[in-house]
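Since the structure comes first, as structure tokens, the remarks are kept for the end.
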Amino acid sequence: MFINKKLFTTALLGLLVTLSIIALILSLVRVEDVTLPPTVQYGMVFDAGSSHTSLFVYEWDSDKQNNTGVVSQTLSCDVQGPGISSYADDPPKAGDSLRECLDEALKVIPAAKQRDVSAYFGATAGMRLLREQNSSAADRVLAEIAKTIQEYPVAFCGAQIITGEEEGAYGWITINYLLESFTKYSPKAHMWVHPEAANSFGALDLGGASTQISFAPKGSFINWNKTSRFMLYGYNYNIYTHSYICYGQNEMWKRLAKELIVESPSSTLVEHPCYPKDYKETISLSSFRTSPCTNQSDPRLPLDDRNVTLEGRSNASGCLVAVKKLFNFSACGQSQDCSFDGIYQPPVSGQFFAFSAFYYNFKFLNLTEGQSLATVRETIEHFCARTWEDLSSNYPEENPERLPKYCANANYILTLLLDAYKFNETSWNNIFFQMKVGSTNVGWTLGYMLNLTNMIPAEAPVWVKGHTPSLWAAAIAFVTFTLALGLVALVVLLWT
């Protein structure tokens, strides 16, 4: 009986020591040691360009890589109607135009996540011009946009007009993220890693009202006052970026038409070298006074509002000459680090992605497969020589307002890339005309979302039944300690 009591007591004391150790360990448990797996976070960005608006929905895991989310595109939705700057006289319509895409976005985002979705609205060059022309009208349009988005169950973070440099820099981020210049997944290491000796790609964006060039310059030409600086995935980046307002495709058409009119000997019938032969367009002189880009105070422009007819000539060489006059190349003098209009630019280096209107125009001309510069020039010259009857019969599905403008667009792209940005026969092969990488659209919005994930905190951990791990640890420790005291009491009772 004595032996059994001794063995039993020894076992109880061993259990007491074990429970005491467990209680000590649990009392030291920290909150961050008991997290559950990461969850998915969502964000949405509106790209409000000069001619149209698009909505993109992105998602990323809450556990970031070096403080930046690994983001993927979930939805792309094109808003019906023109750019929001067109609603200056009826701002409520700008907000209403977004509803269809907002409804689509909520269909792909889980209901439980919607109120945590960061929603941003960024307007670009079209609204920059409206703000310059009529700032109160621009404010009213943005106010209606904000009012509409705030009706939806998302975390609205503001509607604003972003700068041209921001647009260019975010486009550069998008390109290099999609091409894994910043981070890539290593199947061997089972983790995201920074690529060794990663080469970045330059970004070329052509919109309706502005155009942007962004790249990481090399050599001693770098003017650090003209660079954008930011941190992604734990690394610092410095790039050159510049945005040229009024050098977007739509504003180029207006500026080109105006120059042809003021230089024409006829006041009512003006030859247009870029338009196809037998094509005619009637334009009012008053239309040039609606945009800051056509310089309303130009003394060469007649003050009356008469209509002028532009008559196509299918003149390829004449078109190129007329387009080049839109640039002030003489302002650079003999400087090698200058593009046009006296704007500083270091020499282009590395590979470039040309997207937006760069891509759409060259895609129409079947020039996005890496053709040589000689082939590109020959194709453009041949297209510009065709008549309106020839084009309209061979491209029956193409927008009849867009079709006659491809000649001017193509010559404008050539002038911008070769004469302004100074690509040449050799570096031309480093330009890739693309609009998507995989299933993701190329543009500034993804880069904008990536940069913002640096500031969006990782989602707060979710704990069982809403309790924090420190409370659970304390509760278990208390129960263990109480059990231990009970065992001590039992041992004392047995020995008495």
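Since every read-out is calculated from the coordinates, none of them should be taken as a lab result. Given the structure is predicted, the values throughout are model-derived calculations rather than measurements. Cβ coordinates were reconstructed from backbone atoms using ideal geometry, including for glycine residues, and neighbour counts include every protein chain displayed.
Report, in whole Å, the centroid distance computed from the Cα atoms of the stretch 277-320 and the stretch 203-218. Value for the Cα centre distance between the two parts: 27 Å.
Among Tyr152, Tyr240, Tyr42, rank each residue by its count of other Cβ atoms within 10 Å, from fewest to most, as a rough exposure measure.
Ranking Tyr152, Tyr240, Tyr42 by Cβ neighbours within 10 Å, fewest first, gives Tyr152, Tyr42, Tyr240.
Working ranking of peptides 381-389, 396-404, 171-179, 255-263 by packing, defined as the average number of other Cβ atoms within 10 Å per residue, highest first, is 171-179, 255-263, 381-389, 396-404. For Lys147, the aspartates and glutamates whose Cα comes closer than 16 Å to its Cα, not counting residues fewer than 8 places off in the same chain, are Asp90, Asp96, Glu100, Asp103, Asp139.
Each Cα pair under 8 Å and six or more residues apart adds its sequence gap; the mean of these over the residue count of the stretch 323-447 is a relative contact order of 37 percent.
What list do you get for Ser86, Ser314 if you sort them by fewest beta carbons within 10 Å?
Ser86, Ser314
Checking the Cα-Cα distances for Lys325/Lys436; Lys218/Lys258; Lys277/Lys436; Lys93/Lys324; Lys254/Lys277; Lys277/Lys324 against a 30 Å cut-off, the pairs over it are Lys325/Lys436; Lys218/Lys258; Lys277/Lys436; Lys93/Lys324.
Projecting label points 7 angstrom from Cα along Cα→Cβ for Glu398 and Ser297 puts them 4.0 nm apart.
When peptides 274-281, 315-322, 102-109, 327-334 are ranked by their average number of other Cβ atoms within 10 Å per residue, the highest-first order is 274-281, 315-322, 102-109, 327-334.
Ranked by Cβ crowding within 10 angstrom, fewest neighbours first, how are Leu416, Leu301 ordered?
So the ranking, lowest neighbour count to highest, is Leu301, Leu416.
Taking 0.36 nm per residue of separation and subtracting the Cα-Cα distance, full extension of the segment from Glu381 to Ser267 would add 38.2 nm. Here the contact order of the stretch 46-123, divided by its residue count and restricted to Cα pairs under 8 Å and six or more residues apart, works out to 34 percent. Once the Cα-Cα distance is subtracted from the 0.36 nm per residue extended length, the Glu369 to Ala111 segment shows a gain of 88.6 nm.
What is the stretch 210-344's relative contact order, in percent, from Cα pairs under 8 angstrom and six or more apart in sequence?
21 percent
Count the net charge of all other residues whose Cβ sits under 15 Å from the Cβ of Ser286, scoring Lys and Arg as +1 and Asp and Glu as -1. Residues near Ser286 contribute +1 overall.
Under the 0.36 nm per residue contour assumption, what length would be gained going from the current alpha-carbon distance of Gln150 and Glu425 to full extension? Could you put the intermediate results ahead of the total?
Numbers: separation 275, 0.36 × 275 = 99.00 nm, distance 5.11 nm.
Between Gln150 and Glu425, full extension yields 93.9 nm more.
Roughly speaking, what is the centre-to-centre gap between the stretch 83-101 and the stretch 115-185 when only Cα atoms are used, to the nearest Å? Each part reduced to its Cα centre gives a spacing of 15 Å.
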